[in-house]
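Chemist: To start, I am sharing the structure in question, which I have written as structure tokens.
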Amino acid sequence: MDVNNIAQYVIGLDFGSDSVRALLVNALTGEELSSGVAHYAQWMQGRYCLPECSQFRQHPQDYIDAMTKAVRAALAEQSQSIVQAVVGIGVDTTGSTPAPVDEQGRVLALLPEFDSNPNAMFVLWKDHSAVAKAEHINQLAHSGDYTDYTRFIGGLYSSEWFWAKAAWVQEQDSEVAARAHSWVELCDWIPAILSDNQHPDRLRRSVCAAGHKAMWHDSWGGLPSQDFLSAISPTLDGIRERMFQQVFTADQQAGRLSREWAQTLGLSEGIAIAVGEFDCHMGAVGAGAGANDLVKVIGTSTCDILMVDKDTVADRTIHGICGQVAGSAMPELLALEAGQSAFGDLYAWFKRVLMWPLERFAEQHPAAAPHLAALSEQVLPMLSAAAQQQAVSESTPLAVDWLNGRRTPYANQRLKGAISELNLGSDAPAMFASLVESTAHGAKAIVECFTQQGMPVERVIAIGGIAQKSPYVMQLCADVIGREILVVESEQCCALGAAIFAAVAAGVHPDTRSAQALMASPVRDTYLPDPSRKALHQQRYRSYRELGKHVEQLSEYQLAKEKGNE
């Protein structure tokens, strides 16, 4: 019997902003057998979050409970022979989503005394409460007194990232600062708990999280110097030696499934657990991307990954992006990360605005409540259909997509969104069209950020729910960017990428490229730009850039005014 033909299966775990997805995949063919999805219970109740302060925290117990439910759901309808043939688990998560841990590697919120303390929890990627701390990091890095540790992360540090969040939280909470031995990214913590390797001496850190968010780089010996970290905040004194010296790519093992977790999930003890990675990077691998492919992971926000040969960049700095890290997606390529801080979140915001009076009406008239859920599901499809019929024109309102700040080009989380060119004839479909167009403009700005610095973009690939469910959005993106956009078949491309790495870590395939060739998702749709609308979209993109400049100037004026009043 040829052992290479014996069916083997892997699980990809994709931890999103609202839920975790578990995908069961044939490791030899890439066939997706089943999946399970579970939402984070406390998160869905809005606990530990203050949106008006840009505070978004998630309890580690939510991740544990949801992961358990999702995996069990994915395995529920499978035969025991398939379950027993699962040989590995791969993990991707949002990022930067770090949390403080004690000397044993336990997230502080799992300890009784910190159970309800948001500062002891995971700080979600879109938490922007550390804006001032990020600005301080940039001042230090550019002062000339230290190595410029922002060199390989686009030149600017963001409030969405690791050190800004750790320092900010510890300065706000002395009890957390006193107990925090170290900090850990979610994508590193999940593989660690599954393999019982959460102790800091055993926990394997991913090059993905370390390079893109924690300023780790070979050229300065790993993490920034302790002097620099202490200058960020005295609460970080001594933390460098308590962090890590080594980093790992996702094709390597973080450990093996512990007995406890094997029993909890119903899997075999000792199966391979791959090193974790951020969702967008694994999504690029699941989409079958290679050198010079730009993958847009489109959801509440976007994360864009462009992989290139290392020689293409050499020792150059690519400015305005979210990092250039060797091996953070495909192990043999260098990944350039960019993104938009809000994409689907813009549409969701507009939907909430429109639904507000209807929700209040339903509260006062209970008989209307049963119809509210159905109506809520139809709002965005109705807007899309109407906006598509109207089509973008010179009279369409013009918007800037920075409602949650700007990630790329040049991170600035103080920026706000804007809608201009409104008149008494501006209706809901026209305003929705302007928001969709603004997200397409933001996507075009990212493409230009790469190409204008000599980074070739040969294909644009889109993955995620919006890419698959909204032809209107994708066609407008193709028209505005002026490039063909490919949409892949898999609805869970990030989880599929995690499964690909699980197959390599388990030894089913010798390397990631071989696994990807057999397991990655095929393309299902292609959107071609309409050449007849090219001139209009170029003109409106120029107007978008001009409006953005005014928004930036207003933000700078308001910041200067605030500082003057301090």
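Chemist: Kindly list, by first and then second residue, each pair from a residue in region 138-150 that is closer than 12 Å to M215 by Cβ and surrounded by 13 or more Cβ atoms within 10 Å (Cβ to Cβ) to a residue that is aliphatic (A, V, I, L, M) and modelled with pLDDT under 95, limited to pairs with Cβ atoms under 7 Å and residues at least 6 apart or on different chains.
Modeler: Short answer, once both residue conditions are applied: N138/L156; T150/L156.
Chemist: Any idea which of (1) in contact with a Ser or Thr (Cβ under 8 Å, 6 or more places away or on another chain); (2) under 30 Å from Y472 (Cβ atoms) is the one Q324 doesn't satisfy?
Modeler: The failed condition is (2).
Chemist: Let me ask something else. Among all residue pairs at least 6 apart or on different chains, which show Cβ distances below 9 Å where the first residue, located in region 28-48, is more than 16 Å from W125 (Cα to Cα) and of a type in the set (D, E) and the second is surrounded by fewer than 17 Cβ atoms within 10 Å (Cβ to Cβ) and at pLDDT 95 or above?
Modeler: none
Chemist: Working carefully through the options W183, W163, find the one that is over 25 Å from D65 (Cβ atoms) and more than 16 Å from the chain's Cα centre (by Cα).
Modeler: After applying the criteria, what remains is W163.
Chemist: Still on this structure: Residues of region 385-424 being assigned to a helix (DSSP H, G or I), of a type in the set (A, V, I, L, M, F, W, C) and under 29 Å from the mean Cα position of the chain (by Cα), which ones?
Modeler: If the condition is that a residue be assigned to a helix (DSSP H, G or I), of a type in the set (A, V, I, L, M, F, W, C) and under 29 Å from the mean Cα position of the chain (by Cα), then A385, A387 are the ones that fit.
Chemist: Out of all the residues in region 85-97, is one or more among the charged types (D, E, K, R) and farther than 23 Å from Y410 by Cβ?
Modeler: Within region 85-97, one or more residues are among the charged types (D, E, K, R) and farther than 23 Å from Y410 by Cβ.
Chemist: Among residues belonging to region 244-279 that are among the aromatic types (F, W, Y) and touching a strand residue (DSSP E or B) at 6+ places or on another chain (Cβ under 7 Å), point out the one that is nearest to D14 (Cα to Cα).
Modeler: Here the residue is F278.
Chemist: Hey, another quick one. In the set D173, D196, D218, D227, which member is free of Cβ contacts under 8 Å to residues at least 12 places away in the same chain and either over 19 Å from the mean Cα position of the chain (by Cα) or not assigned by TED's automatic domain parsing to the domain that holds H128 (or both)?
Modeler: Step by step, each of D173, D196, D218, D227 is checked, and only D218 is free of Cβ contacts under 8 Å to residues at least 12 places away in the same chain and either over 19 Å from the mean Cα position of the chain (by Cα) or not assigned by TED's automatic domain parsing to the domain that holds H128 (or both).
Chemist: Only one residue in V504, V523 is touching a Ser or Thr at 6+ places or on another chain (Cβ under 7 Å) and of a type in the set (A, V, I, L, M, F, W, C), so which one is that?
Modeler: Every option except V504 fails the conditions.
Chemist: Ok, one more. For region 127-144, name all the residues that are of a type in the set (S, T, N, Q) and either outside the structural domain of W161 (by TED's automatic domain parsing) or over 18 Å from A99 (Cβ atoms) (or both).
Modeler: Hits for region 127-144 are N138, Q139, S143.
Chemist: Additional query: Please determine, by comparing only the residues of region 33-50 that are more than 19 Å from A99 (Cα to Cα) and of a type in the set (G, A, S), which one is surrounded by the fewest Cβ atoms within 10 Å (Cβ to Cβ).
Modeler: S34
Chemist: Go through region 459-566 and tell me which helices (runs of 4 or more DSSP H), entirely inside it, have 3 or more residues that are in the same structural domain as I271 (by TED's automatic domain parsing), in contact (Cβ under 8 Å) with a residue 12 or more places away in the chain and not basic (K, R).
Modeler: Output list reads 493-505, 512-519.
Chemist: For region 77-87, state whether one or more residues are more than 23 Å from Y157 (Cα to Cα) and buried (at least 24 other Cβ atoms within 10 Å of the Cβ).
Modeler: Yes; the residues of region 77-87 include at least one that is more than 23 Å from Y157 (Cα to Cα) and buried (at least 24 other Cβ atoms within 10 Å of the Cβ).
Chemist: Given the criterion of a type outside the set (A, V, I, L, M) and either in contact (Cβ under 8 Å) with a residue 24 or more places away in the chain or under 23 Å from C303 (Cα atoms) (or both), identify the matching residue among D14, D62.
Modeler: D14
Chemist: On to the next question. Would you pick out the residues in region 280-302 that are small (G, A, S), under 17 Å from the mean Cα position of the chain (by Cα) and either at pLDDT 95 or above or within 16 Å of G90 (Cβ to Cβ) (or both)?
Modeler: Matches in region 280-302: G283, A284, G286, A287.
Chemist: Give me the strands (runs of 3 or more DSSP E) completely within region 14-109, filtered to those with at least 3 residues that are under 24 Å from A498 (Cα atoms), ordered by residue number.
Modeler: 19-26, 32-39, 86-93
The values are calculated or read from the model by the stated rules, or taken from the named source; none is laboratory data. None of these values were measured; they are calculated from a predicted model. Ideal geometry is used to build each Cβ from the backbone, glycine not excepted, and the neighbour counts take in all protein chains shown.
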